[in-house]
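Read through the structure below, which is laid out as structure tokens, and then see the notes.
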Amino acid sequence: MSELILAVEDLTVSFDGFKAVDGLNFYVEKDELRVVIGPNGAGKTTLLDMICGKTKPTAGTIKFKYRDLAEMIEFQITRLGVGRKFQNPSVYEDLTVFENLEISYPQRRGLLGSLLFRRDDALLDKIDEVAGLIFLDEVLRHKAGQLSHGQKQWLEIGMLLMQDPELLLLDEPVAGMSAREREQTAQLLNGISKGRSIVVIEHDMAFVKLIAHKVTVLHQGKLLAEGSMDEVQADERVREVYLGH
Ligand code: ADP
Ligand code: MG
């Protein structure tokens, strides 16, 4: 068996008595690309919120490389190597694509750091590499505000890649994208999944098929099914709560 990068056990969060995530076990291996599906309100976003430290669990443990994240705050979790992308792209519209990538580079922290910072070769190489991966190498000098919605989503993934996360959490990254952009995003994610683990929340089954190693189905905060795309699609319970709709 491969090594685990993430082990979530008995994870529960209760909002005024309502359990959005309820006794969940969830394991992700190194180099794995996992997709989490489930109907609206199943607890998918809340699960990512707890892994990245935005929401504190009521009970349970979240171990990333055997360290418990439940006790840490967001920036410590980021620094450990967990990158999170939220549903709506948040890029700096007035900065260029290049600048958005540049400010995401971890060595460039703090005012003094940025004053003394010289654009060394490592940074330029990194921007080059990432810009190619996210299909934006031709528009590095464009303002992010001029990009299409899909390109902004890619830029935000690129900003996370500048930090070389070992675990990347993506919440509905192809929402609002054209069919062509979805295919490109699948290609992007397949390209960057080597050497890191990725958890993607997604609804679009055609897209899920292109990327998923394994699929986890959540329903009412609980694990409903888990397995290959084919296994999950053949599962009666899954068809009932989700795929049938
Ligand atoms: P999904 O991403 O699967 O659509 P969410 O994780 O966003 O679902 O939400 C799961 C459930 O938890 C929903 O019923 C939602 O209304 C509820 N919920 C999420 N966050 C909060 C919160 N901060 N306070 C109260 N209820 C919440
Ligand atoms: Mg959600």
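The values are calculated or read from the model by the stated rules, or taken from the named source; none is laboratory data. Keep in mind that this is a model prediction, so the values were computed, not measured. Cβ atoms come from the backbone with ideal geometry, glycine included; neighbour counts cover every protein chain shown. Only protein heavy atoms, including side chains, enter the accessible area calculation; ligands, DNA and RNA are left aside. Shrake-Rupley method; radii C 1.70, N 1.55, O 1.52, S 1.80 Å.
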Sorted largest first, the C-alpha extents of the chain along its principal axes in whole angstrom are 55, 40, 38
Around L47 (Cβ within 15 Å, Cβ-to-Cβ, excluding L47; K/R +1, D/E -1) the net charge comes to +1
Sorting L155, C52, L136 by the position of each Cα along the dipole of the chain (Lys, Arg +1; Asp, Glu -1; all at Cβ), the one nearest the positive end of that ordering is C52
With 0.36 nm assigned to each residue of separation and the Cα-Cα distance removed, R67 to A122 gains 16.8 nm
Nearest 10, in degrees from 0 to 90: the angle of helix 179-192 to the longest Cα principal axis of the chain is 80 degrees
The percentage of the accessible area of the chain (probe 1.4 Å, all protein chains present) made up of carbon and sulfur atoms, to the nearest whole number, is 48 percent
The extension gain from E138 to Q76, computed as 0.36 nm times the residue separation minus the Cα-Cα distance, is 18.9 nm
Within region 170-214, the residues whose backbone N lies under 16 Å from a label point placed 7 Å from the Cα of S228 along the Cα-to-Cβ direction are 209-214
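Could you please report the charge total around E202, scoring K, R as +1 and D, E as -1 over all other residues with beta-carbon less than 10 angstrom from its beta-carbon?
-1
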Karplus ³J(HN,Hα) for region 39-45 (6.51 cos²θ - 1.76 cosθ + 1.60, θ = phi - 60°; Hz, whole; x = Gly/Pro) runs x, 3, x, 5, x, 5, 5
Expressed per residue, the solvent accessible area of region 145-245 in Å² (1.4 Å probe) is about 42 Å²
Residue separation between K56 and T12 times 0.36 nm, minus their alpha-carbon distance, gives in nm 14.9 nm
